[in-house]
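The values are calculated or read from the model by the stated rules, or taken from the named source; none is laboratory data. The structure displayed is predicted, hence computed values, not measured ones. Glycine also receives a Cβ, built like all others from the backbone with ideal geometry; neighbour counts cover every protein chain displayed. Note: areas computed on protein heavy atoms with side chains; ligands, DNA, RNA excluded. Shrake-Rupley method; radii C 1.70, N 1.55, O 1.52, S 1.80 Å.
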Amino acid sequence: MTAAGGGLLRQAPRLTLLLVTGPVLAGVAGTVAPAFGLGERPGLDAFRALAGWPGLGAAVRLSVTTGLVSTVLALGLTLLILALLPGSRAFRATLRLLSPLLSVPHAAVALGLAFLIAPSGWIARALSPWATGWTEPPDLLTLNDPWGLALVAGLVAKEVPFLLLMSLAALPQTDAARRTVLAASLGYGRMAGWVFGVLPALYRQIRLPVYAVLAYSMTAVEMAMILGPTRPPTLSVQVALWMADPALAERGRAAAAALLQLGLVAAALAGWCAAEVAARRLLVAGAVAGLRGARLDALLRPLALGGAGLVVAAVGLGLGGLALWSVAGLWSFPDALPSAFSLRTWAAAAPDLAGRTVLTLGIAAATAGIALALALACLEAEARHGLRPSPAAMAALYLPLIVPQVAFLPGLQVAALGLGLDGSAVAVAAVHLVFVLPYVFLSLSAPYRAWDGRIATAAATLGATPGRIFWRLRLPMLLRPVLTALAVGAAVSVGQYLPTLLIGGGRVATLTTEAVALASGGNRRIVGTYALLQMVLPAAGFALALMLPALAFRHRRGMAAA
C-alpha cells in the first residue's frame, strides 16, 4: 500500500463489494434459468414437479417454523444476557468463552449436541439406570424429531454467541452505560430501563446480523441433516439432496425449490420487518404509559443465567462427548464413561485425516488471507480518503449471509460445470471467499476504525508516508485484531459445508463434508475424530491470534494489550 497505489486503493471497497455481490447475483440468475427451463424447454414443468412432491408442505412448514422460532429464542436470550448480566461473574465468564464458542463450526456443534441428546447419548447415560431404570437406550425420538425441536436447540446454541459478538461490538455506539444509569435514576428496573433506553439504539446496529441469523436458520443444511427431521427434511436439505442427485432431471426441481426457499426467506424477512414496527409501537406505548417494570428483573434474571448456562453447557458437553468417543474403547449403555480408552480409531483414520486436514487448512488459509487483504485495503481506503460505507454498501456486504445458500449455489454449480472448474479446490476456495469476506471485514472494522488517528498525524508531521504509517505503525499496533479476523475467516471457511459439497462435486472432501457424511453411518468413534479435528483447527487459529501478539510484544508492555 504505497502512495502511488492510492488510486487503486480507493477502488478497493468497490472491488470487494463486486466480489461479494457478483457471485450471489450470478448464482441466483443461474438458478432461475433451469427453474423455468430457459435454454431448453421454457415452461413451469419444474414447479409442477415440485408441487407434486408429497413432502412439500411439511418441508416448507419446518423451514419456516424452525427458522423463526430459533431466531426469536436466540435474539431474546442475547438481549436478556446483555440487559441483566453485565457486571456479573457469569457475564465475564460468557465473554471469555465467546471466541471459543464462535470458533466451533456449525456441523461440530450439531454433532456434539446429537451425541448429547440421542437416546443413547450422554444425558440418558448420566441418568441411567439409577433415575430412569433404563438398561438399554429408550425408544424416544429426541433426535431428528418431526417438529424440529433438536434443530432449534442446535441453532440457538450456535447463533447466540454470534449475536452477542455483534451486539458487544455495537454497544459502544449506544452510550449504554449513561442511558442505563439515567433510567435507573428515574425508577426504572434494570430490564425495563435497558429496553426503553438502550435497545432501540442497539437494534438499529444489529438489524442486519439478525436478518442473517433468520436467513441462515431457515436454510441451514448441515445442522438440519444432523439434527433435523428426515421424513421429510427441511426444504433446504431437500434442495441439496436433489442437487446431489446424479439424475439431471432433478436439477430443474431443485432450482424451483431453491427459488421457493428464496421466496420464503424474503417473506419471513418482510414479516420480521412488520414485527419490528409493531414492537416499536408497543415500546413507545409502554414508555408513554410510564411502565417501570421493577419486578421484571427478579423474574427474568434466572432465565438469562439459565439460558447462558444451557448454551455453554450444550456446546461444551457436546464437544467433550465428541472427544471422548474418539478415544473410546468399549462403551456400553448405560455406562457414563467408556470402560477402556484407545487411540485405535485415530491410528486407523490417520492417513485420510491427514489428507483432509491439509486440504481444509489450505483452502482456509487461502480464503482467509485474501479476505484479510481486501478488508485491510477497504479500511485503509476509508482512513486515507475519508470514505464511509453507506447503508446500501453494508446491506450488500451482508448479501451472502442473507440470501440463502441454496438459492444461488446451484446456479454457481452450473456455472462451474460449464466452465470446467467444478471439483477443483481453487473453485471451492473462490466460493468460500464470498462467505468469508463479510465476517473478516465485520471482525476487523470496529478496532481498525477505533485506532487513534492522532498517531498517524504525528507520524505524518515527521515525514512518514501513508504507506510507512500503515506498515510500521497501524498494522503492528492492530496485530491482535488483524490475527483474530484472520482466525475468524479461517473458521468460517473450515465450517463451509454446502459450498464445498456443490462446487467440489464430491471430489473436494474437507473435514466438514466428511464429518457430515459420516454422521449418518452411526460409527460415533470415527465421527468423533473428524468432528474433533474440525473443531480443533479453528480453535488453534484463535489461540495463535492471542499468543503471537503476546510473543511479539513481550518486551513492550503498552503493546501487549493492543
- Of everything in region 2-46 that's among the polar types (S, T, N, Q) and modelled with pLDDT of 80 or more, which residue is farthest from the chain's Cα centre (by Cα)? 11
- Message: Tell me the residue from 281, 292 that is among the basic types (Lys, Arg) and either in contact (Cβ under 8 Å) with a residue 24 or more places away in the chain or in contact with a Gly (Cβ under 7 Å, 6 or more places away or on another chain) (or both), please.
- Response: 292
- Task: Please give the number of the condition residue 147 fails out of (1) modelled with pLDDT of 85 or more; (2) under 21 Å from residue 532 (Cα atoms); (3) not in a helix (DSSP H, G or I).
- Result: (2)
- Of those in region 318-347 that are part of a helix (DSSP H, G or I) and out of contact with any Ser or Thr (no Cβ under 9 Å at 6 or more places or on another chain), the residue most open to solvent (accessible area, probe 1.4 Å) is 344
- Note on the structure: If we take region 451-547, then helices (runs of 4 or more DSSP H) inside it with 1 or more residues that are in contact with a Ser or Thr (Cβ under 6 Å, 6 or more places away or on another chain), surrounded by fewer than 23 Cβ atoms within 10 Å (Cβ to Cβ) and in contact (Cβ under 8 Å) with a residue 40 or more places away in the chain are 466-469
- Restricting the first residue to region 166-188 and requiring it to be of a type outside the set (A, V, I, L, M), which pairs with a second residue that is open to solvent by less than 30 Å² (accessible area, probe 1.4 Å) and not in a helix (DSSP H, G or I) meet a Cβ separation below 8 Å and a spacing of at least six or different chains? 174/198; 179/198; 180/198; 188/293
- Query: Does residue 135 satisfy the condition of being more than 30 Å from residue 441 (Cα to Cα), at pLDDT 85 or above and among the β-branched types (Val, Ile, Thr)?
  - Reply: yes
- Would you tally the residues in region 112-149 being in contact (Cβ under 8 Å) with a residue 60 or more places away in the chain, surrounded by 19 or more Cβ atoms within 10 Å (Cβ to Cβ) and among the β-branched types (Val, Ile, Thr)? 0
- Message: Checking the structure you have, find out if any residue of region 271-290 is touching a helix residue (DSSP H, G or I) at 6+ places or on another chain (Cβ under 8 Å), open to solvent by 50 Å² or more (accessible area, probe 1.4 Å) and closer than 30 Å to residue 104 by Cβ.
- Response: no
- Among the candidates 519, 539, residue that is of a type in the set (Gly, Ala, Ser) and modelled with pLDDT of 85 or more: 539
- Message: Taking the conditions exactly as written (touching a Leu at 6+ places or on another chain (Cβ under 8 Å) and among the hydrophobic types (A, V, I, L, M, F, W, C)), does residue 409 satisfy them or not?
- Response: yes
- Evaluate region 166-181: report whether one residue or more is modelled with pLDDT of 90 or more, under 30 Å from residue 403 (Cα atoms), of a type in the set (A, V, I, L, M, F, W, C) and open to solvent by less than 50 Å² (accessible area, probe 1.4 Å). no
- Query: Is one or more of the residues making up region 150-162 under 23 Å from residue 517 (Cβ atoms), β-branched (Val, Ile, Thr) and either open to solvent by 60 Å² or more (accessible area, probe 1.4 Å) or part of a helix (DSSP H, G or I) (or both)?
  - Reply: no
- Return only the number of the condition from (1) open to solvent by less than 60 Å² (accessible area, probe 1.4 Å); (2) under 26 Å from the mean Cα position of the chain (by Cα) that residue 303 does not satisfy. (1)
- Only one of (1) hydrophobic (A, V, I, L, M, F, W, C); (2) crowded, with 20+ Cβ neighbours inside 10 Å; (3) touching a Leu at 6+ places or on another chain (Cβ under 7 Å) does not apply to residue 255, and that is (3)
- helices (runs of 4 or more DSSP H) completely within region 195-261 that count 1 or more residues being closer than 19 Å to residue 505 by Cβ and more than 20 Å from the chain's Cα centre (by Cα): 235-244
- Checklist (1) surrounded by 23 or more Cβ atoms within 10 Å (Cβ to Cβ); (2) among the hydroxyl-bearing types (Ser, Thr, Tyr); (3) farther than 30 Å from residue 243 by Cβ applied to residue 367, failing item: (3)
- Item | Checking residue 423 against (1) of a type outside the set (Phe, Trp, Tyr); (2) in contact (Cβ under 8 Å) with a residue 12 or more places away in the chain; (3) on the phi > 0 side of the Ramachandran plot; (4) open to solvent by 50 Å² or more (accessible area, probe 1.4 Å), the condition it does not meet | (4)
- Message: Condition (residue is in contact with a helix residue (DSSP H, G or I) (Cβ under 8 Å, 6 or more places away or on another chain) and farther than 26 Å from residue 535 by Cβ) applied to region 346-354: is it met by at least one residue?
- Response: no
- Query: How many of the residues making up region 348-364 are open to solvent by less than 60 Å² (accessible area, probe 1.4 Å) and farther than 17 Å from residue 327 by Cβ?
  - Reply: 8
